[in-house]
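A.B. asks: Have a look at this one before I ask anything.
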Amino acid sequence: MDSWYFPALFALLLMGIQRFFYKVAAERNYPTQWVTFAFMATVTLLSGGTYLFQQHHAVNIGVLATIALINSVSFLVATVSHIEALKYIPANIAYSIIRLNVVVVAVFSIVYFKEHISFLQGIGLLTAIAAMVVLTIQMGADNTTPLQRKRQGAVFIILALLSGSAASISSKFAAVYTDKLAFMALSYLMGVIGSLAINKVVTHHKTTTSRWPALGLGMVMGGFNFTGFYAFLYALERGPLSLIAAIVGMHFVIAIILSALIYHEKVRPAGLVGILLTILSIVLIRI
């Protein structure tokens with residue numbers, strides 16, 4: 001068994017649970033900026049503290065700072081957009097479409113890293129595109145959500161998809177060319193600063209919810225992300241980006257299942273077809 005396979009599965013599990021907490025934040029109407037701040041601050045402290053107790057290797061500060069900046073900005077935008085999208089669009093649709101950043105990542109991996117793509121993996125990419133079409137049709141047929149809210153949700157979904165792709169690609173560069181914990185600490189530190197800077201931008205309405213529950217949830221998310229993201233980087237250091245991103249991209253299934261069980265979100269027939277297609281696409285892509 002390849003050395004990257006089980007770390008990728010571990011990352012899949014932990015990130016799936018973390019992504020479900022995005023839904024919790026949206027359902028409880030927690031201030032997005034405070035959830036994001038606590039989440040990123042927790043990862044910064046955990047990765048920075050762990051880095052101090054490990055054997056240090058020489059790193060190129062310029063390369064580290066550049067990759068960390070790209071990853072931080074893209075991940076921050078993806079995180080905020082993801083949470084905001086869930087305030088407008090049901091989780092089963094949002095998670096499934098955003099997950100399709102696997103297609104962007106796979107294409108980049110094939111072109112830039114010259115990773116081999118088999119016939120079945122090509123079919124998987126086409127299946128992923130079909131899933132996006134099906135889920136988009138379902139979103140358009142959802143008569144329970146006002147058109148204006150659909151449009152707002154669609155904007156956040158597109159932002160989350162593209163920025164999530166950039167975050168995954170930059171993570172591959174970090175895993176290969178720099179120290180993983182140093183990268184995590186610097187990237188998330190930049191994210192903390194960024195989350196404070198965009199405070200008023202993402203707050204589109206006033207909320208009376210106390211910030212402390214939001215901070216607590218963000219800390220829990222940070223714990224899951226710290227372990228899951230390190231496992232993701234560990235796998236990326238040892239395996240192909242296209243396959244690992246596809247496996248970890250299945251985290252949306254865990255989030256959707258938890259959303260259905262806890263918040264009783266219904267999955268429409270078209271949505272179920274779209275979800276099944278996304279699962280099939282991931283299976284085909286990693287063959």
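The values are calculated or read from the model by the stated rules, or taken from the named source; none is laboratory data. A quick note: this is a predicted structure, and the numbers were derived from the prediction, not measured. No Cβ is skipped: glycine too gets one built from the backbone with ideal geometry, and neighbour counts run over all protein chains shown.
A.B. asks: Checking V220 against (1) within 12 Å of the chain's Cα centre (by Cα); (2) modelled with pLDDT of 95 or more, only one condition comes out false. Which one?
C.D. replies: (1)
A.B. asks: A further question follows. Do you know which residues across region 222-252 are touching a Lys or Arg at 6+ places or on another chain (Cβ under 9 Å) and of a type in the set (A, V, I, L, M)?
C.D. replies: Matches in region 222-252: L233, L236, L241, L243, I244, A245, A246, I247, M250.
A.B. asks: Only one of (1) surrounded by 23 or more Cβ atoms within 10 Å (Cβ to Cβ); (2) farther than 30 Å from K23 by Cβ fails for F113. Which number is that?
C.D. replies: All conditions pass for F113, except number (1).
A.B. asks: In the set A68, A11, which member is under 18 Å from V248 (Cβ atoms) and in contact with a helix residue (DSSP H, G or I) (Cβ under 8 Å, 6 or more places away or on another chain)?
C.D. replies: The unique qualifying residue is A11.
A.B. asks: In addition: Please determine whether any residue of region 244-256 is in a helix (DSSP H, G or I) and over 30 Å from H116 (Cα atoms).
C.D. replies: Yes, region 244-256 contains a residue that is in a helix (DSSP H, G or I) and over 30 Å from H116 (Cα atoms).
A.B. asks: Shifting gears a bit: Can you tell me which residue among S168, S195, S187, S163 is assigned to a helix (DSSP H, G or I), modelled with pLDDT of 90 or more and within 11 Å of V77 (Cα to Cα)?
C.D. replies: Testing whether each residue is assigned to a helix (DSSP H, G or I), modelled with pLDDT of 90 or more and within 11 Å of V77 (Cα to Cα) leaves just S163.
A.B. asks: Under the condition of being closer than 12 Å to A106 by Cα and of a type outside the set (A, V, I, L, M, F, W, C), which residue from region 223-247 is modelled with the highest pLDDT?
C.D. replies: Going through the qualifying residues, I end up with P240.
A.B. asks: State which residue is surrounded by the most Cβ atoms within 10 Å (Cβ to Cβ) when the search covers only region 239-273 and only residues that are among the small types (G, A, S) and under 19 Å from N225 (Cβ atoms).
C.D. replies: Residues of region 239-273 among the small types (G, A, S): 239, 242, 245-246, 249, 255, 259-260, 270-271.
If we keep only those that are under 19 Å from N225 (Cβ atoms) too, we end up with 245, 249, 255, 259.
Working: A245: 30, G249: 27, A255: 25, S259: 24.
By that ranking, first place goes to A245.
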